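The values are calculated or read from the model by the stated rules, or taken from the named source; none is laboratory data. Remember, predicted model here, so these are calculated numbers, not experimental data. Cβ coordinates were reconstructed from backbone atoms using ideal geometry, including for glycine residues, and neighbour counts include every protein chain displayed. These accessible areas exclude ligands, DNA and RNA; they are computed on the full protein's heavy atoms, side chains included. Shrake-Rupley method; radii C 1.70, N 1.55, O 1.52, S 1.80 Å.
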Amino acid sequence: KDRIVDSGVADSKRFFEELFSFFPIDNVLISNVGKNLDILDIAPEDVRVLELSSELPLPVKIDYETPETLGPDRIAAAVGATAVFPRQNCLVIDVGTCITVDFIDSSSVYHGGAILPGLAMKFNALHTFTEKLPLLEVTNAGFQPRLIGKSTAQSILSGVVNGTVLELDGFVNRYRVRFDGLKVLITGGDSDFLGKQLGFDHVQDAELAIAGLNEILKYN
């Protein structure tokens, strides 16, 4: 079985130089949604480097009206879901800076989904676009924010956290009405926090996108 040997924060040229010196790497797949790091300048000449996009051969079919705008992180997580639940209807919920909800059908066709503001983005919006509301973070919320906020801070936590849970519960309920046997997978930076509060059965997989990247690399 494939396994993750090492991981780290890929935020510098030195990180990749050390990676290439420590491991016998033959193939690289880049999924980049942030600042550009030119791996081609760092990788040894005999290493094959691919960049993930909708134009790369994929083990899923992309049925999206603007595939050129589709984030590679969404593609990777969708492929990861088909590896976990092959030939089944899957809904991937990635809770990070933004929250994405993506549907892949039992024929491995990616259809798209929804993009919502993430928890930190909602907290920041309430603070930025008002004069007196404080800036809160997920760490202030604990694991069960009150339904009825008895202070301004508690009311913000209830609105942001409970509101997000209700949003996702609503999405899943609507998808399950339309698609039989739907499997729901949760991933992303806030998945551990939100996963404890969601009202539907799901599989939590922090490495879903990594698994998807590996499947795509093997496919190529």
Open item on the list: Based on alpha-carbon centroids, what's the gap between region 182-220 and region 8-56 in Å, whole number please?
Closed with: 23
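Please say if the chain is rounded, prolate or oblate, where rounded means a/c under 1.5 for a ≥ b ≥ c the square roots of the C-alpha gyration tensor eigenvalues, and otherwise the choice is prolate for a/b larger than b/c and oblate otherwise?
Numbers: a/c = 2.22, a/b = 1.43, b/c = 1.55.
Oblate shape, in that a/c is at least 1.5 and b/c is the bigger or equal ratio.
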Task: Accessible carbon and sulfur surface of region 76-163 relative to its total accessible area, %, 1.4 Å - done: 57
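Using DSSP to call loops (not H, G, I, E or B), can you name the chymotrypsin sites (Phe, Trp or Tyr not before Pro) in region 36-141 whose Cβ has at most 13 other Cβ atoms within 10 angstrom?
Listed in order of number, the matching sites are Phe129.
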Open item on the list: For region 1-97, what are Rg and Dmax over the alpha carbons, in angstrom?
Closed with: 15.2, 42
- [ ] Please give the per residue accessible area of region 134-213, computed with a probe of 1.4 Å over protein heavy atoms only, in Å².
- [x] 56
Task: Listed residues Thr82, Thr66, Thr164, most fluctuating in the chain (Gaussian network, C-alpha, under 10 Å) - done: Thr66
- [ ] Among Ile148, Ile115, Ile93, determine the one that fluctuates most according to a GNM of the chain built with springs between C-alpha atoms less than 10 Å apart.
- [x] Ile148
TODO: Only Lys, Arg, Asp and Glu count, each charged at its Cβ (+1, +1, -1, -1), so figure out the dipole size of region 6-50 about its Cα centre, rounded to 20 debye.
DONE: 180
Open item on the list: If DNA, RNA and ligands are ignored and the probe is 1.4 Å, what is the ranking of Arg48, Arg178, Arg74 by accessible area, most exposed first?
Closed with: Arg178, Arg48, Arg74
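Roughly how many debye, to the nearest 20, is the charge dipole of the chain about its Cα centre, given +1 on each Lys and Arg Cβ, -1 on each Asp and Glu Cβ, and no other charges?
Details: 19 positive and 30 negative charges, 206 e Å.
Result for the chain is approximately 980 debye, rounded to the nearest 20.
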Open item on the list: Once ligands and nucleic acids are excluded and a 1.4 Å probe is used, how much of Val9 is accessible, expressed in Å² to the nearest 10?
Closed with: 110
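Within 10 Å, at most 16 other Cβ atoms, and a DSSP state outside H, G, I, E, B define an exposed site. Report the longest part of the chain free of exposed GluC sites (Glu not before Pro). Present the calculation step by step, with values, prior to reporting the outcome.
Values: sites that count: Glu45, Glu55, Glu65, Glu131, Glu137, Glu207.
Maximal segment without exposed cleavage sites: 138-206.
Can you check what the net charge comes to around Gly189, using other residues whose Cβ is under 12 Å from the Cβ of Gly189 (Lys, Arg +1; Asp, Glu -1)?
Values: positive: none; negative: Asp73, Asp94, Asp190, Asp192.
It works out to a net charge of -4.
So what is the relative contact order for the chain, in percent, with contacts set as C-alpha pairs under 8 Å and at least six apart? Mind showing how you got there, number by number?
Details: 336 pairs, mean separation 47.3, N = 220.
Relative contact order here is 21 percent.
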- [ ] Sum up the charges of everything whose Cβ sits under 13 Å from the Cβ of Ile156, counting Lys and Arg as +1 and Asp and Glu as -1, but leave Ile156 out.
- [x] +3
- [ ] Quickly estimate the mean residue ellipticity at 222 nm for the chain, helices only: each DSSP H run with n ≥ 4 gives -39500 (n - 2.57), and the total goes over all residues, rounded to 500.
- [x] -9500 deg cm²/dmol
